[in-house]
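Notes follow the structure.
The values are calculated or read from the model by the stated rules, or taken from the named source; none is laboratory data. Since we're looking at a predicted model, the values are computed, not measured. A quick note on method: Cβ atoms are made from the backbone with ideal geometry, for glycine too, and the neighbour counts reach across all protein chains shown.
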Amino acid sequence: MHQPILLISAITGARNCADNLSHQLGFQVDVAHDKKDGIALLKQRPYCVVIVDESIAEADARGAELLWRYTGLAIPLQVNFALSGTTRLARDVRAALHRREREQALAMRAAASTIEGQLKSSMTGLLLQSELALAEPTLSGAAATKLRLVIELAGNMRHQLEIAQV
């Protein structure tokens with residue numbers, strides 16, 4: 001199940017707007033009627049999107065800044081309800097969620113690529129050092145056998161990394 005959406009607005013139809021959003025987006029939508037209630041809800045659970053009525057945000061800039069700090073990983077959206085209907089708001093939320101998905105996918109690919117590069121570098125170093133140690137003339141037979149096993153295992157891991165890259 002998705003994390004819910006939080007709608008912070010003092011407008012009379014806030015609950016109705018939340019219900020319409022919930023129906024259009026398929027997310028639970030919680031409502032807070034002011035910053036204090038919004039912060040209390042944000043402390044209780046994580047949200048994927050936090051929608052704040054522009055009039056609330058502009059009425060108290062310092063309070064709005066505090067509210068934004070509590071959003072955590074939620075996507076913050078400041079909306080003028082006088083100009084935005086539920087359909088437009090749902091479209092904006094969908095666009096923000098899709099943008100977040102793309103950003104997360106790109107970040108995951110970048111992290112995987114970095115880790116893969118580090119692993120390959122470590123495997124290369126392990127193989128090189130093991131082969132150099134194996135070439136030592138004073139190496140015992142038991143140690144040579146263990147080094148050959150290390151070389152084989154490192155080679156297998158390197159091969160698996162190369163296959164995973166394709």
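Here are some notes:
- Yes/no for Arg102 being assigned to a helix (DSSP H, G or I), farther than 20 Å from Glu162 by Cβ and either hydrophobic (A, V, I, L, M, F, W, C) or within 17 Å of the chain's Cα centre (by Cα) (or both): yes
- There is at least one residue in the stretch 68-82 that is in a helix (DSSP H, G or I) and either assigned by TED's automatic domain parsing to the domain that holds Cys17 or exposed (fewer than 13 other Cβ atoms within 10 Å of the Cβ) (or both).
- Check on Glu101, acidic (Asp, Glu) and touching a strand residue (DSSP E or B) at 6+ places or on another chain (Cβ under 6 Å): no
- Selection from the stretch 1-46 of residues that are small (Gly, Ala, Ser), closer than 18 Å to Leu89 by Cα and touching a helix residue (DSSP H, G or I) at 6+ places or on another chain (Cβ under 8 Å): Ser9, Ala10, Ala32
- Among the residues making up the stretch 41-63, those that are more than 23 Å from the chain's Cα centre (by Cα), over 10 Å from Ile8 (Cβ atoms) and part of a helix (DSSP H, G or I) are Glu54, Ser55, Glu58, Ala59, Ala61, Arg62, Gly63.
- The one condition in (1) crowded, with 16+ Cβ neighbours inside 10 Å; (2) in the same structural domain as Gly155 (by TED's automatic domain parsing); (3) not hydroxyl-bearing (Ser, Thr, Tyr) that Gln118 fails to fulfil: (1)
- Pairs linking a residue in the stretch 124-152 that is within 21 Å of Glu162 (Cα to Cα) to a residue that is in a helix (DSSP H, G or I) and among the β-branched types (Val, Ile, Thr), with Cβ atoms under 8 Å and 6 or more positions apart or on different chains, are Leu126/Val150; Leu127/Ile151; Ser130/Val150; Ser130/Ile151; Glu131/Ile151.
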